Amino acid sequence: MAKASKEKIALAHKAVEEYTGKKVETIDVFQDPKVSGCIAIRVTLEGEKHHIDFIKTHSDPINADNLEEAEFTEWPPKSEGLKYF
């Protein structure tokens, strides 16, 4: 995974705040070099002690509607490319 651009990090920051209704304290965003449009997001929300992971899996814009909560076993996650079956 490759660190995302500042623009994508800003879009992810806004999307997570809209999704959760809370302020983001820290955010880390990685782009999948093997799957176009896929990004992994890890955030800590203000006042929280644990992180929350999100994934955006398609090429639609980064916004609250396109985020899915996830649980990554390692950070940053490792891409295995597209898997159909």
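The table below gives the values:
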| quantity | calculated |
| --- | --- |
| Residue satisfying all of: in the stretch 18-48; within 21 Å of Lys78 (Cβ to Cβ) and either of a type in the set (A, V, I, L, M) or touching a residue at least 60 places away in the same chain (Cβ under 8 Å) (or both); surrounded by the fewest Cβ atoms within 10 Å (Cβ to Cβ) among these | Val35 |
| Enumeration of residues in the stretch 37-47 that are under 24 Å from Lys22 (Cα atoms), assigned to a loop (DSSP other than H, G, I, E, B) and of a type outside the set (A, V, I, L, M, F, W, C) | Glu46, Gly47 |
| The stretch 24-67 - residue that is of a type in the set (Lys, Arg) and farther than 20 Å from Glu7 by Cβ and, of those, modelled with the lowest pLDDT | Lys34 |
| Some residue of the stretch 8-17 being among the charged types (D, E, K, R) and surrounded by fewer than 16 Cβ atoms within 10 Å (Cβ to Cβ) | yes |
| Count of residues meeting criterion [loosely packed, with under 15 Cβ neighbours inside 10 Å and within 18 Å of Leu11 (Cα to Cα)] in the stretch 49-85 | 9 |
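One line per residue, one yes/no per condition, for (1) in contact with a strand residue (DSSP E or B) (Cβ under 6 Å, 6 or more places away or on another chain); (2) not in a helix (DSSP H, G or I):
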site	(1), (2)
Val16	yes, no
Asp28	yes, yes
Val35	no, yes
Lys49	no, yes
Asp60	no, yes
Pro77	yes, yes
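The values are calculated or read from the model by the stated rules, or taken from the named source; none is laboratory data. Since the model is a prediction, treat every value here as computed from it, not as a measurement. So basically every Cβ, Gly included, is an ideal-geometry build from the backbone, and we count neighbours across all protein chains shown.
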